[in-house]
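The values are calculated or read from the model by the stated rules, or taken from the named source; none is laboratory data. From a predicted model like this one, the values you see are computed outputs, not experimental measurements. All Cβ positions, glycine included, derive from the backbone under ideal geometry; neighbour counts span all protein chains shown. These area figures cover heavy atoms from the full protein model, side chains too; ligands, DNA and RNA do not enter into them. Shrake-Rupley method; radii C 1.70, N 1.55, O 1.52, S 1.80 Å.
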Amino acid sequence: QMVKEYQFWFSQVSDVSVTVAAASWNASYGVSSTPTNWAANQTQTYSVTVTNNGNQTWNAGGSNPVHLGVHFMSGTNWLTDQRFTLPADLAPGASTSLTIAVTAPNTSGTLVLEYQMVKEYQFWFSQVSDVSVTVS
């Protein structure tokens with residue numbers, strides 16, 4: 001609809017039907033190259049693929065970037081928390097491969113290495129991928 005500012009709105013209008021979907025922040029992870037044997041405090045470098053299965057672009061920068069969080073866990077407790085930056089914004093339906101250098105904790109035993117996306121200062125994604133690992 002057109003308007004003559006501070007005077008009146010034109011009577012002619014044009015309507016367009018649209019569908020608005022709720023924001024969806026969903027991820028999947030390709031973690032098949034995760035090493036399963038670690039030494040305490042060892043850093044290993046490998047690739048992880050993340051896919052944006054939602055309907056919102058993941059920003060690589062700005063005040064609330066989306067990062068890959070990687071945690072060694074014992075039970076429900078995080079022993080480590082490492083974050084990895086996306087190389088560029090990731091559109092819905094797109095994937096990217098990240099080369100990450102992950103450091104094991106100074107703890108031995110059978111642990112879980114967990115992958116989870118985070119929109120910094122706002123929320124953690126609900127999707128996770130867990131890999132059982134041994135730290136000696």
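Numbers at a glance
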| quantity | calculated |
| --- | --- |
| For the chain, size of Cβ-based charge dipole, Lys and Arg +1, Asp and Glu -1, in debye | 80 |
| More than 19 angstrom apart: percent of Cα pairs within the stretch 63-136 | 37 |
| Sulfur and carbon atoms: percent of accessible area, the chain [1.4 Å] | 49 |
| Surface accessible to a 1.4 Å probe, per residue, for the residues of the chain, Å² | 57 |
| Relative compactness, the stretch 1-105, computed as alpha-carbon Rg over 2.2 N^0.38 Å | 1.73 |
| Heavy atoms of residue 63: accessible area, 1.4 Å probe, square angstrom to 10 | 90 |
